[in-house]
1. Output the residues belonging to region 55-82 that are more than 17 Å from the chain's Cα centre (by Cα) and either on the phi > 0 side of the Ramachandran plot or outside any loop (DSSP other than H, G, I, E, B) (or both).
2. Residue under question is Arg354, and the condition is that it be charged (D, E, K, R), in the same structural domain as Lys294 (by TED's automatic domain parsing) and closer than 30 Å to Ala41 by Cα; does it hold?
3. For residues in region 251-272 being farther than 28 Å from Phe101 by Cβ and not aliphatic (A, V, I, L, M), which is nearest to the chain's Cα centre (by Cα)?
4. From (1) assigned to a strand (DSSP E or B); (2) of a type in the set (Lys, Arg); (3) buried (at least 17 other Cβ atoms within 10 Å of the Cβ), pick out the condition that doesn't hold for Arg45.
5. Show the residue pairs that are 6+ apart or on different chains and have beta-carbon atoms under 6 Å apart, the first residue being within region 235-253 and without any contact (Cβ under 8 Å) to a residue 40 or more places away in the chain, the second being surrounded by 13 or more Cβ atoms within 10 Å (Cβ to Cβ) and of a type in the set (Ser, Thr, Tyr).
6. Residue by residue through region 253-301, note down the ones that are outside any helix (DSSP H, G or I), of a type in the set (A, V, I, L, M, F, W, C) and over 30 Å from Arg354 (Cβ atoms).
7. For region 192-234, how many residues are of a type in the set (Val, Ile, Thr) and either touching a residue at least 60 places away in the same chain (Cβ under 8 Å) or in a helix (DSSP H, G or I) (or both)?
8. Restricting the search to region 4-42, which residues are out of contact with any Ser or Thr (no Cβ under 8 Å at 6 or more places or on another chain), outside any helix (DSSP H, G or I) and acidic (Asp, Glu)?
Amino acid sequence: MNHFQRKRGQLYCEDVPLAELAGEVGTPAYVYSQATLLRHARVFRSALRGLDFLACFAVKSAPNLALLRLLAGEGYGFDIVSGGELFRAIEAGGDPRRIVFSGVGKRADEIAAALDARILQFNCESEEELAQLSRVAVGKKAIAPVALRVNPDVDARTHPYIATALASSKFGVPAGRVRKAYRLAASLPGLHVEGVACHIGSQIASIRPFVEAAAKMRELVVRLRADGHDIQRLDMGGGLGVPYGDGPEPASPQQYGEALVRALKGLPVKVLLEPGRLLVANAGVLLTRVLLTKEGHRGRKFVVVDAGMNDLLRPALYDAHHEIEAVARPRRGGAIVDVVGPVCESSDVLAKRRRLPPLSAGDLVVLRTAGAYGMAMASQYNARPRPAEVLVEGRSWRIIRSRETYKDLIRGETT
């Protein structure tokens, strides 16, 4: 569910007309609905009743401080993958004792900062990383709480760029080496083995891969505890998909929660979960304005907008689909068009071969389901300032990230 709805033909975010918002803040801009974000956060937690769990929001999906603060206020912890995300999470009011540091490569200074903050857990992804973490912890006379991320070799049936649990993946320790890796972790100074982790991928529509992974991880927890390891936490990662409009309807949070409760019932551990996209994707849209329309070879029609692949990378990166629609009451008629941006790349196509109502220069359109991995992946490519971010609450709104200026583009540079 989301709170981007039409009223009297015009598209609104909650009680704010998007056309009015565009006139105030300009385009392109990311617009988020607070009501949608909070509803999703609460639905997810409610779906997991019956589990002793901690939900840690995946900061990489939407790292804006205002969004993180809302989720911290809902009792969420944070899953981070860099020192910068640690800084953001704490600045937003996150409790370090609810922060998990994931990622296949961590710098020594990032590890040191997380140790100083006394985070809940480091998810290590290799034997080499265990040795690295041990060295840093010993140097700081600290104890690092450790989980090993296991690659359970589960096919998440998703795009290969966001499948993370296949045997060919760079992520995690192969299942066949896990017990040996835990013996190594237990022997290294400065480490305290406390958990086990996995993450099978992202934008997963079916419950089956989660159930398969949970069964494998349950068996592993029992085996590791029998080996003498004090396993207190099982991190199952995230990955439940959202409806982008071009594929099967993903399972609901309720179905996901019920399946996990059944699969993990009675296991004496706290279950960590790392939702990201699921909470924020439908809470945000990318608002953009038509610059011009043009006709190409053999009558192919293009709508050129002022947002490009630097603002929303997903379509160029892995041919991702975002529903697109006019902000004003749609005109009658329509045509098959490509919606493209101004970036000097052939891959700068935001929506390919879509039937849209007639559009003209100055018209506003939105790309739906853009709250996750939208602004998070934006860049300044082609010397294009990154867009503003706006948070709407009922009839009010506020800018939660100012639009960059040309001076921002050269900050830190010298001639």
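The values are calculated or read from the model by the stated rules, or taken from the named source; none is laboratory data. All values reported here derive from a predicted model rather than from experimental measurement. Heads up, the Cβs are rebuilt from the backbone with ideal geometry, glycines too, and the neighbour counts pull from every protein chain shown.
1. Taking region 55-82 and keeping what is more than 17 Å from the chain's Cα centre (by Cα), we get 73-75.
The answer is Gly73, Gly75.
2. On the way: charged (D, E, K, R): yes; in the same structural domain as Lys294 (by TED's automatic domain parsing): yes; closer than 30 Å to Ala41 by Cα: no.
Here the answer is no, as Arg354 does not meet what is asked.
3. Within region 251-272, the first condition is being farther than 28 Å from Phe101 by Cβ, and the residues that meet it are 251-252, 254-255, 258, 262, 265-266.
Okay, now just the ones that are also not aliphatic (A, V, I, L, M), so 252, 254-255, 258, 262, 265-266.
Working: Ser252: 17, Gln254: 20, Gln255: 21, Glu258: 23, Arg262: 26, Lys265: 27, Gly266: 30 Å.
Filtering first and then ranking leaves Ser252.
4. (1)
5. Leu240/Tyr256
6. Leu267, Val269, Val271, Leu272, Leu273
7. Summing the residues that are of a type in the set (Val, Ile, Thr) and either touching a residue at least 60 places away in the same chain (Cβ under 8 Å) or in a helix (DSSP H, G or I) (or both) in region 192-234 gives 3.
8. Listed by number, the list holds a single entry, Asp15.
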